[in-house]
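Down below is the structure, laid out as structure tokens.
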Amino acid sequence: MVHSTDGSSLLGQHVSMPHSPEEAKLERVPNPHPDTNYVARFTVPEFTSLCPVTGQPDFAHLVIDYVPGDHLVESKSLKLYLSSFRNHGAFHEDCTIRIAKDLAALLAPRWLRIGGYWYPRGGIPIDVFWQTGELPAGTWAPEQGVPPYRGRG
């Protein structure tokens, strides 16, 4: 994954989907309210990657929450970055934590958490959760709103 400096080289241009997360270019833009603690949320209900063993598709519902510092993630670059995992073989835990760490490295947010709610493979759903630390005092972060997997129950 290539980190970009402030500004967006992707906006207003036709851009092909990167073939891998290594080719993807995550970009950031200045936060218009760096003096305010607030939560920005990205919900990705149709995230897809490949099982590194079988090559079969794996599906997840991702919820990414962060309290920005000086920068926001540019949403088109995030969409392309996340789409690049469609051709990427990695386990659920690796995909989820890699996304979180890449965003944390790009943005240096005051706080970041990710919930990776993976659909069952081999009859077992795997949910993966990570955060950078404590939510800043006085900041509201709603629950992620994704119920645990229950099958048909």
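Laboratory data are not the source of any read-out in this text; all were calculated from the coordinates shown. Keep in mind the model is a prediction, meaning the values are calculated, not measured. Virtual Cβ from ideal backbone geometry, glycine too; neighbours counted across all protein chains shown.
Using a cut-off of 13 Å between beta-carbons, work out the net charge of the residues near Ser75 (Lys and Arg +1, Asp and Glu -1, Ser75 not included).
Net charge in that neighbourhood comes out at +2.
In whole percent, what relative contact order does segment 42-106 give with Cα contacts below 8 Å and a gap of six or more residues?
39 percent
Name the most mobile residue of His19, His61, His33, meaning the one with the largest mean-square fluctuation, in a Gaussian network model of the chain with Cα contacts below 10 Å.
Largest GNM mean-square fluctuation: His33.
Divide by every residue of the chain the summed helix terms, -39500 (n - 2.57) for each DSSP H run of at least 4, and state the resulting mean residue ellipticity at 222 nm, rounded to the nearest 500 deg cm²/dmol. Don't jump to the answer; show the numbers that get you there.
Working: 2 runs with 25 residues, N = 153.
Computed ellipticity for the chain at 222 nm equals -5000 deg cm²/dmol.
Which loop-located GluC sites (Glu not before Pro) does segment 72-153 contain, where loop means any DSSP state but H, G, I, E or B and the Cβ has at most 16 other Cβ atoms within 10 Å?
Answer by residue number: Glu134, Glu143.
Going toward the positive end of the dipole of segment 10-153, with +1 on Lys and Arg Cβ and -1 on Asp and Glu Cβ, which of Gly123, Leu72, Gly89 do you reach last?
Gly123
Among Asp94, Asp65, which comes first, then next, by fewest other beta-carbon atoms within 10 Å?
Asp94, Asp65
Read phi for every residue in segment 71-87 and hand back ³J(HN,Hα) as whole Hz from Karplus 6.51 cos²θ - 1.76 cosθ + 1.60, θ = phi - 60°, with x for Gly and Pro.
Each residue's phi maps through the Karplus curve to give 9, 10, 7, 6, 5, 5, 5, 5, 4, 5, 4, 5, 5, 5, 6, 4, 9 Hz.
Mind checking the dipole of segment 2-131: about its Cα centre, +1 per Lys or Arg Cβ, -1 per Asp or Glu Cβ, Debye to the nearest 20?
On the way: 11 positive and 14 negative charges, 27 e Å.
I would put it at about 120 debye.
Against the empirical 2.2 N^0.38 Å scaling, what ratio does the C-alpha Rg of the chain come to? Let's see the in-between values first.
Numbers: Rg = 15.8 Å, N = 153, 2.2 N^0.38 = 14.9 Å.
This ratio for the chain stands at 1.06.
Given the options Arg121, Arg86, Arg110, state which has the largest fluctuation in a GNM of the chain using a 10 Å cut-off (strictly under) for Cα springs.
The residue with the greatest mean-square fluctuation here is Arg121.
Mean-square fluctuation check for the chain, GNM, Cα pairs under 10 Å: which of Trp118, Trp130, Trp140 is largest?
Trp140
Taking the number of other C-beta atoms within 10 Å as the exposure measure, put Cys51, Cys95 in order starting with the fewest.
Final ranking by Cβ density, sparse to dense: Cys51, Cys95.
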